[in-house]
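Single-structure report; data block below.
None of the figures in this text is laboratory data; all of them are computed from the coordinates on show. Remember, predicted model here, so these are calculated numbers, not experimental data. So basically every Cβ, Gly included, is an ideal-geometry build from the backbone, and we count neighbours across all protein chains shown.
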Amino acid sequence: MKVAIFGAGAIGGLIGARLAERTDAEVGLIARGPHLAAMQERGLTVRSEAGETVVKVRASDDPAELGPQDYVIIALKAHSVPAILPALKPMLGPETAVVTAQNGLPWWYFYKAGGAHEGRRIEAVDPGGAIWETIGPERAIGCVVHPAADIEAPGVIRHVEGERLPLGEPSGEKTERVAALSKLLVSAGFRAPVRPELRTEIWVKLWGNLSFNPISALTGATLAAICANDGTRAVARAMMVEAEAVAKALGIKFPIDVDKRIAGAAEVGEHKTSMLQDLELGRPMEIDALVTAVQELGTLTGHPTPTIDTVLGLVRLRAATPLER
Ligand SMILES: NC(=O)C1=CN([C@@H]2O[C@H](COP(=O)(O)OP(=O)(O)OC[C@H]3O[C@@H](n4cnc5c(N)ncnc54)[C@H](OP(=O)(O)O)[C@@H]3O)[C@@H](O)[C@H]2O)C=CC1
Ligand SMILES: CC(C)(CO)C(=O)C(=O)O
């Protein structure tokens, strides 16, 4: 089985290292810059509480070198996807499945969703529908990413915690291809069940990301600190209540309530969200897939999102303003 990871950073590197180390899959990693050079020279190191492993990996910045794949796992930040579409094409054969291992609302969200919005593109994640047109939604397999990881140094991934990578077809069916991917990820040590209702899990994860990530970027605070502070917890809660109304209008039935979700985020502890890490490193923040997309669906469903709109305005200005003057 041929599996390529497009964007072998924190999450893609973790998945790729585990697949290369523990399975028979032929694994190729697409990366760039000093991180790619380090992986090519010294292999990919994964550090966790369990210890350290160094895996020899096939890594490149040229997808054409790897050729058509059975699975391409996209583990890029959502805003990086439109730019890689031309480069992705050589990896797509007639049967290639494309897995979105990303936070936020995926570009294929309304494919086989049924209902009034069937086939709709989400402009905030897929400007002009270019991703939908190039990849084709029939290739998409969804994945909710629960592990937390970061790139500690070029070629070195720190796996903080978490093994859960639930998967799902947009149709909810348990197809052969999603079952085979699940088996592969399980043999790599992840918990990767196939879910009939992955959109519900996407929203439960997004609840936290749409609120805590921008609040952390605005305040510099960790998840634990945002949850412990009355003011920031109230802002996060208000954003989550607004998002809940939007999701419910789209048919989502939440298995837990907002307060349980906040308690879950607090338990992650003194962890800086990926958005805060990006801000501190001077990288673009994943604002559109996490926040703008929910605002867009609020407008679509006729549910106002005043708190989300306010935080979105603030975090956009944060993104546009240099940290040091
Ligand atoms: N990290 C985490 O703990 C979690 C992350 N997620 C989600 O997972 C997804 C991936 O996040 P994460 O792993 O943190 O992101 P990273 O930034 O660590 O990884 C993405 C990698 O892709 C590389 N890249 C970007 N564009 C290209 C390109 N054109 N060619 C080759 N490589 C490229 C980046 O390189 P460069 O740095 O040079 O841009 C980077 O190394 C996101 O949606 C995130 O929200 C979800 C849960 C937890
Ligand atoms: C905080 C974490 C790791 C889990 O909610 C996350 O998804 C992010 O930082 O973007």
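A130 versus (1) in a helix (DSSP H, G or I); (2) within 22 Å of V27 (Cα to Cα): which is the lone unmet condition?
(2)
Are any residues in the range 79-122 surrounded by 14 or more Cβ atoms within 10 Å (Cβ to Cβ) and either among the charged types (D, E, K, R) or within 16 Å of ligand 2 (Cβ to nearest atom) (or both), and if so, which ones?
Result: H79, S80, T100, A101, Q102, N103, G104, L105, P106, K112, R120, R121.
Could you check the range 202-280 for helices (runs of 4 or more DSSP H) lying wholly inside it with 3 or more residues that are within 11 Å of ligand 2 (Cβ to nearest atom) and within 28 Å of G302 (Cβ to Cβ)?
none
L76: farther than 15 Å from G12 by Cα and surrounded by 19 or more Cβ atoms within 10 Å (Cβ to Cβ), yes or no?
No; evaluated as a whole, the condition is false for this residue.
Among V194, V186, V178, V204, which is the only one that is among the aliphatic types (A, V, I, L, M) and more than 18 Å from P106 (Cα to Cα)?
On inspection, the qualifying residue turns out to be V186.
Could you name every one of the helices (runs of 4 or more DSSP H) located completely within the range 22-89 that has at least 1 residues being within 28 Å of M275 (Cα to Cα) and β-branched (V, I, T)? Before you say what the answer is, go through the steps one by one.
Working: elements: 33-42, 63-66, 81-88.
The helices (runs of 4 or more DSSP H) meeting that bar are 81-88.
Hey, can you tell me all the residues within the range 277-325 that are over 23 Å from V81 (Cβ atoms), buried (at least 21 other Cβ atoms within 10 Å of the Cβ) and not hydroxyl-bearing (S, T, Y)?
Selection gives V311 alone.
Hey, can you tell me all the residues within the range 183-201 that are part of a loop (DSSP other than H, G, I, E, B) and surrounded by fewer than 18 Cβ atoms within 10 Å (Cβ to Cβ)?
The answer is G189, P193, P196, E197.
For every residue, the table says whether it meets (1) polar (S, T, N, Q); (2) closer than 24 Å to R318 by Cβ.
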{"position": "L206", "(1), (2)": "no, yes"}
{"position": "T219", "(1), (2)": "yes, yes"}
{"position": "A225", "(1), (2)": "no, yes"}
{"position": "A236", "(1), (2)": "no, yes"}
{"position": "A247", "(1), (2)": "no, no"}
{"position": "K260", "(1), (2)": "no, no"}
{"position": "A265", "(1), (2)": "no, yes"}
{"position": "T273", "(1), (2)": "yes, yes"}
